[in-house]
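Okay, so here's the structure we're looking at.
The values are calculated or read from the model by the stated rules, or taken from the named source; none is laboratory data. All of these numbers come straight from a predicted model, not from anything done at the bench. Cβ: placed from backbone, ideal geometry, glycine included. Neighbour counts: every protein chain shown. Ligands, DNA and RNA are excluded from the accessible area calculation, which covers all protein heavy atoms including side chains. Shrake-Rupley method; radii C 1.70, N 1.55, O 1.52, S 1.80 Å.
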Amino acid sequence: VQLVESGGGLVQAGGSLRLSCAASGSTSSINVMCWYRQPPGKQRELVASITPNRGSTNYADSVKGRFTISRDNAENTMYLQMNSLKPEDTAVYYCNIIFYSDSLHIQYDLWGQGTQVTVSS
């Protein structure tokens, strides 16, 4: 099982980027899907989360109204649409998925490899 991220890059302030995270090889159910970010010299922080079934979402205050998390359950893929980007959004962005194994009765999570987002002023 692995998570593969894509979509990072360099963008000017006010621009947009869309990140993707695809999970492959898993037969477990998904409990929640999250995006985190780690700015330079700072700790990793939760940006947004979504539940796969109801599509319930939560956002960090710093990104509310600008970022949108979504998912495609059929493809086991989630997205982060980032609009009105600011220089303070510069960070490495990581996807994180919490799975539940019905056969093993355990919960576990996986992380993507991270993708750099740089917003220039």
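Divided by 2.2 N^0.38 Å, where N counts the residues, the Cα radius of gyration of the range 75-119 comes to 1.56. Calculated accessible area for the chain comes out at 53 Å² per residue, all protein chains present (probe 1.4 Å; ligands, DNA, RNA ignored). Dividing the radius of gyration of the alpha carbons in the range 1-67 by their Kirkwood radius gives 0.98 for Rg/Rh.
Calculate the translational D of the range 24-100 in whole µm² s⁻¹ from Stokes-Einstein, where the hydrodynamic radius comes from the Kirkwood formula applied to all Cα pairs, the temperature is 20 °C and the viscosity 1.002 mPa s. Rounded, D is 163 µm²/s. All other residues with a Cβ under 14 Å from the Cβ of D89 taken together, and with Lys, Arg as +1 and Asp, Glu as -1, what is their net charge? Taking every other residue near D89 into account, the sum is +3. Remark on the chain: C34 stand apart, with no other cysteine beta carbon under 4.7 Å. Go ahead and set up a Gaussian network model of the chain, Cα springs under 10 Å, then flag whichever of T27, T68, T77 fluctuates most. Judging by the Gaussian network model, the answer is T27.
For the range 47-55, putting each phi into the Karplus relation 6.51 cos²θ - 1.76 cosθ + 1.60 with θ = phi - 60° gives couplings of 9, 7, 9, 8, 8, x, 7, 7, x Hz, in residue order, rounded to whole numbers and with x for Gly and Pro. Across the range 43-121, the relative contact order, built from alpha-carbon pairs under 8 Å that are at least six residues apart, equals 21 percent. Taking the protein heavy atoms of the chain in the context of the full set of protein chains, the accessible area attributed to carbon and sulfur is 46 percent at 1.4 Å.
Each principal axis of the range 38-83 carries a Cα extent, and these read 37, 20, 17 Å when sorted largest first.
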